1. At 222 nm, what value in deg cm²/dmol follows for the chain if DSSP H runs of at least 4 each add -39500 (n - 2.57) and the sum is divided by all its residues, to the nearest 500?
2. Among Val209, Pro219, Leu186, whose Cα lies farthest out toward the positive end of the dipole of region 179-232, if unit charges sit on the beta carbon of Lys, Arg (+1) and Asp, Glu (-1)?
3. In square angstrom, rounded to the nearest 10, how much accessible surface does Asp152 have for a 1.4 Å probe?
4. How charged is the neighbourhood of Ala239? Take every other residue with its Cβ under 14 Å from the Cβ of Ala239, and add Lys/Arg as +1 and Asp/Glu as -1.
5. Which sequence of Thr32, Thr164 reflects their accessible areas, 1.4 Å probe, from the largest down?
6. With a 1.4 Å probe and all protein chains in place, put Lys201, Lys55, Lys28 in order of accessible area, largest first.
7. Relative contact order of region 158-247, please, whole-number percent, based on alpha carbon pairs below 8 angstrom and at least 6 residues apart.
8. What fraction of the DSSP beta bridges in the chain is antiparallel, stated in percent and rounded to the nearest 5?
Amino acid sequence: MALYLSISPDPATLAERAAEVLEVLGGKAIETYGRFILCLAGGNTPRALYEQWAKQSSLDWGRVVLLFGDERCVPPDDPRSNYRMVAESLLATLPNQPYMLRMEGEAEDPAQAALNYDHALRELLGQQGAIHVALLGVGPDGHTASLFPGSDALREGSAFCVRTDAPASAAGGREVSRLTLTVPALRRARKLMFLAAGAEKADVLQRVVEGPLDPESMPAQFFLRDERLNVNLLMDEAAAANLSRRE
Ligand code: 6PG
């Protein structure tokens with residue numbers, strides 16, 4: 001496998017290109033497997049992609065299964081909720097609704113919510129099944145999903161979903177617990193699709209993609225630096241500015 005880079009001139013073109021890629025991959029998955037299992041990224045960057053995709057998609061969304069790579073431990077109507085961002089930017093505009101495995105960010109017991117998600121995901125995938133595409137972002141500290149530098153979640157070798165703490169800086173300091181898929185879970189994806197936009201990502205992308213290999217301190221390297229995985233990194237020019245390689 002390999003890492004494929006795609007550089008778009010600006011965030012709007014990046015969103016269009018990423019939507020086109022997902023539409024093609026989704027159509028192929030539905031044709032081949034009868035369904036498209038897509039793990040969604042949270043944060044801000046994917047919002048433009050979801051809005052663009054919902055506008056132009058002709059997929060049979062009744063055959064799409066949506067998962068979450070992570071969720072903040074807040075209610076689903078909280079402005080910080082990844083589910084809320086997806087509901088507003090994607091679900092609200094779709095012609096028909098996909099099946100969704102939502103992470104219960106509102107749960108009183110986040111560890112139990114993580115266990116519930118682990119069980120639901122294992123039941124969905126079965127022994128050999130795979131996530132067809134996992135969408136991911138990269139945080140300024142090199143985290144992806146809610147796999148933060150130095151966290152115990154990085155060393156989880158069997159569970160597919162765990163509760164973890166986010167550094168206060170990760171979300172305005174107002175919540176620190178998260179639910180996140182783990183490295184083994186994300187490695188069950190046939191394709192990993194990273195999305196990054198903006199000059200504020202240029203430095204971290206250069207360190208993750210071309211810097212010293214240290215996934216414990218730059219967790220996105222678990223995936224972006226693993227030659228066994230099929231990984232696309234879609235960026236705009238601003239985010240790609242410090243990379244020496246362009247494709
Ligand atoms: C989250 C995301 C997180 C995100 C990165 C990048 O819940 O915040 O899962 O991993 O993808 O922090 O976030 P932006 O796209 O907002 O830069």
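The values are calculated or read from the model by the stated rules, or taken from the named source; none is laboratory data. Quick caveat, the model's predicted, so the values are computed rather than measured. Cβ atoms come from the backbone with ideal geometry, glycine included; neighbour counts cover every protein chain shown. Heads up: the accessible areas ignore ligands, DNA and RNA and are worked out on the full protein's heavy atoms, side chains in. Shrake-Rupley method; radii C 1.70, N 1.55, O 1.52, S 1.80 Å.
1. Helix contribution divided over all residues of the chain: -9500 deg cm²/dmol.
2. Positive-most Cα among the choices belongs to Leu186.
3. Here the accessible area works out near 120 Å².
4. Net of charged neighbours comes to -1.
5. Thr32, Thr164
6. Solvent-accessible surface, decreasing: Lys55, Lys28, Lys201.
7. 30 percent.
8. 25
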